[in-house]
1. About the Cα centre of the range A:61-168, what is the dipole size in debye to 20, counting +1 per Lys and Arg Cβ and -1 per Asp and Glu Cβ, all else neutral?
2. Before we go on, tell me the buried accessible area for the B/A pair, both chains summed, 1.4 Å probe, in Å² to the nearest 100.
3. Leaving out ligands, DNA and RNA, and with a 1.4 Å probe, what % of the accessible surface on the protein assembly as shown is carbon or sulfur?
4. Among the residues of the range A:206-244, which ones have their accessible area go down by 40 Å² or more when all the protein chains sit together, as opposed to their chain alone (1.4 Å probe)?
5. Quick check on the range A:61-168: take the gyration tensor over C-alpha atoms, sort the square-rooted eigenvalues as a ≥ b ≥ c, and tell me if it's rounded (a/c under 1.5), prolate or oblate.
6. Report, by chain and number, residues whose modeled amide H sits under 5 Å from the one on residue A:184, excluding near sequence neighbours (fewer than 5 apart, same chain).
7. At a 1.4 Å probe radius, which order do A:432, C:220, C:271 fall into by accessible area, largest first?
8. PRE reach from residue A:137 (point 7 Å along Cα→Cβ): which of the range A:85-126 fall under 11 Å by backbone N?
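The values are calculated or read from the model by the stated rules, or taken from the named source; none is laboratory data. Being a predicted model, the structure only gives us computed values, none of them experimental. Here the Cβ is made from the backbone with ideal geometry for all residues, glycine too, and neighbour counts use every protein chain on show. Remember, those area values only see protein heavy atoms, side chains included, never the ligands or the DNA or RNA. Shrake-Rupley method; radii C 1.70, N 1.55, O 1.52, S 1.80 Å.
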Amino acid sequence: MKRFSTMLGAAMVLLATSTAALSARTDLVLGVVLEPPHLDPTAGAAAAIDEIVYANIFEGLTRIGPSGQVMPALAESWEISEDGKTYTFHLREGVTFHDGTTFDAEDVKFTLERAMAEDSTNAQKSLFAAIETVEVVDAATVTVKLAHPQGSFLYNMGWGDAVIVAPESELENREKPVGTGPFKFHRWAKGSAVTLVANPDYWGEPVALEKVEFRFIPDAAASVTALLSGDVHAFSNMQAGDALPQIEADPRFKVVIGSTEGETILAMNNGKAPFDDIRVRKAISHALDREEIILGATAGNGVPIGSHFSPANEAYVDLTGTYPHDLDKAKELLAEAGLADGFSATLKLPPPPYARDGGEIIASQLREIGIQLEIVPMEWAQWLEQVFSNKDYDLTVISHTEPNDIEIYARDDYYFNYDNPELKSVMAELDRTADPAKRNELYGQAQRIIAEDAVNGFLFQLPKTGVWDARIEGLWENSPIQANDLTKVRWTE
Amino acid sequence: MSLDPVFVPTPKRNFFLRALHNRSFLIGLIVTGSIALMALVSFFWVPYDITRLEVANRMQGISLSHPFGTDHMGRDILSMIMVGSRNSIAVAIVAVGLGMGLGVPLGTWAAARGGLPDDLLMRFNDVIFAFPALISALMITAIFGPGAVNAIIAIGIFNVPVFARIARAGALALWPREFILAARACGKGRLVITIEHILPNIASLLLVQGTIQFALGILAEAGLSYLGLGAQPPMPSWGRMLFDAQTRIALAPHLALFPGLAIAITVLGLNLLGDGLRDLLDPRLRHTR
Amino acid sequence: MIAFLAKRLAVGFATLLASSVIVFFVLEVLPGDPARIMLGMNASPETLAALRLEMGLDRPIPIRYLDWIMGLAIGDFGRSYTYSSTVMDLILERLGVSLPLAVIALTLSTLIAIPVGVFAAARRGRAADTITMGAAQVGVAIPNFWFALLLIYVFAVGLRLVPAGGFPGWGETLADNWQALKALILPAVALALPQAAILARVTRSAMVDVMGEDYIRTARAKGMPHRTVLWRHALRNALIPVLTIMGLQFAFLLAGTIIIENVFYLPGLGRLIFQAIIQRDLIVVEGVLMLLVATIILINLAVDICYALIDPRLRLSR
């Protein structure tokens, strides 16, 4: 009897797998929050572009993997010279662009020189700043000479802004992107969706999905119902907000809370009184109750941070205890700074819910120590202009979503108006260092310096709320870069 | 003056008697009065301090301690609605006042002068009426930034041609009347006639329209706030409360219920009041109603 | 009549021209640099300057106005800053949502309002009249976006009959189009109800006016059935004010659906202009706004002409 049931079980498993093989779906509808302005990642900073095209349509010399590691892509392998200034890339052969033109060393030279050029519209020109020359050795070999050794060069070449484009299609990429990736652009219904189809001529491992639709659903309420009704199969980062417990309880869905590179901070204008006084900045840091902010702004899913660094990164140092929530201490520090009665300031907030909700809570918390904040909500346009470009602000709440971007604290004229030579020398050394262990140590130093200086109020790491149909596998759990890599995604039944 | 067949000023006693029998007017008055009272009370007392957030208490249902529940920041919704009523009423009243203050002088002036100024004013009205009001209000708040004051300007601008048109039409109908001709014969100037004779006679017309525009102003303010362009936190507004409720509707529908009811009841009260006033003040319409 | 038409047309055209000046110059004062928005946070100043040059933002405003207005005259609305396609294409694409939505909503509201209005007028002063007109009062007072939220709660979240938002787009197959149509049902209902309430009130008062006229009394006196008098004679004559309001409502629906399109997240004209304002895609805002202004002017013109056809006196007095 026992034997019979085992046999039956085995038969059923066999049956199940064989039907699965027959009926596995090959289409996917992925919900994304923002519609991109266009689809050329080499001519715009919008994360929404990379979220569609990265690794799917376009590929670079290298690429960033699911855990943030550098992996070979169009460059099969590379050598670095002794002095760290010359990189020789060996390219994959037999690769074609979606329009049929072949990929070779000339395309690499064209792409890099285009990005470096004076009139380039590449949003991350600093990625290419170290490059001195790009030389074509033969059709499958390129040599890149740098002005100085750069530890992050291979990582930089993996960014969406550094993907390889062809001279034949560079102008059309905004509307009809042509890359070398496993998916081809199919259709863009403005305001609603972008559709990709599998590229049958792909050089690498073929993808399991035939057709992928990126549907734009900026509204949290609409995304919840779109998921529940089955209109959308997956959100790599869902604005589920308070509806998350309901979705988690539903066996049809899988919820994976991962991490992003989004350090969410209460940015302070270090160049403006009274925020130029470290005691005031420390007082504010002590007055913030991260737990309450995380609960109200991310429904409790954010991970607290104590400096400008992702907890998912191996160089992370936990500094959340630097300024514990302590109102008495905060008031004391304010009094020391001569502001015992508090003061008034503005809090300019960009549109995302984490900023608007978080800002409201912060204003309420700072009122406890006598700081009266006037909330000024703004659209991205105004925020970029007033806060980011003109530095005309006191406080703002913002998530910095670029990976490994602690170097912004060493930039001159950045909107924090923070200037510390010690940090600058650490960052300069980091740029020259290639040894991973040494790099991690330098990153640790940098984190400590900005935490000690209480440059900004460090709030939380923006969570990545991955929600998808439980039958789907292969989606990224974390998001070390802004991307929805679908190359390994498949339906299991 | 009392010979005018269109606007017959009714004896006072008679007016109150009829008012007591006009159902629209009575209901409208009671509802509007209650909302105004609620706004007044909120200056002195609200159940909870709405500037203090207690996030841990968020989205509680209806209970004795929070009769309308709490919102996503743990604030008491009843208190939010009470304080929010100040915002709705203030924005709508000032916007209508702005429209009247500019529109009525313009309209009566055009009627008194006639000719080119009149033509120009009417063409100007045409241009403003040709703009979709909400979209234009959106642009105005986009230029000046969101906030209660800019919402007032945005709503007020579209009230100017409404009152200009009504005042002009009312005044035009009066100018050929005998009592005006008599006043002119006495050597009174256009300005004096307008102030002494025209304005008192179109006042009831303006009052009725004012009430209706007030109701429209409340709706417009709610719409702008819903889009995030009205009053800003920590000042609560009914429209934004609805916006905040939308993403949580599956979880806590009561967040959407009460602010919406507050808007609907206020607008309903004002519309009934306006209808009632029209019946009472404009006898011509009494026959058809 | 020809002189009247010519005059009205000239006035309409002048209004349009004046509007274009206002639209263009007001928008150019908007703070926020479109080039900066396209490039995002970490763009360098050189990149920014290059893009501004490419977009033609470095030229003086009057020159750009002339350029733009000449383009409009030949149907060229320019290219969007944020989407790299022409404004015309964007508008046409969005009309695919807004136009059906407006038509469905208006049809729905007419189908509800006219019978209700006629019914109430026929029973003037009785309980049925009081109840329907009371309901209409409530309908006018309800903000349509709140009504939309309630509809979402009941029909999308609760019963899951229709999607709560989004628009799958018109497709090739019948099933695709049914899905698209389904996404428009709730928004159309949310838009239609307050419109129906207004229309019902107008219908009723127009009917009441007409029924006081001598010819209706005569028809009745001749012993015509009540129903025939009501629907054939009275309604036909009451239709002018009703049509006027419907014309205005259509213009409103085409333009004023911003909030509803936001509630349901529909890619219509309203959302296009809302997003364009936010992203400082000025050329799109200008184009859509001019289109809407032109629509409203045209509808007003049509209404004027209708009136003139019915009442010859108006041709002279205006």
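1. Value, rounded to 20: 400 debye.
2. Accessible area lost upon association: around 1800 Å².
3. 62 percent
4. A:218, A:219, A:221, A:225, A:242
5. rounded
6. Those lying under 5 Å, H to H, from residue A:184 are A:197, A:198, A:199.
7. My answer, sorted largest first, is A:432, C:220, C:271.
8. A:87-91
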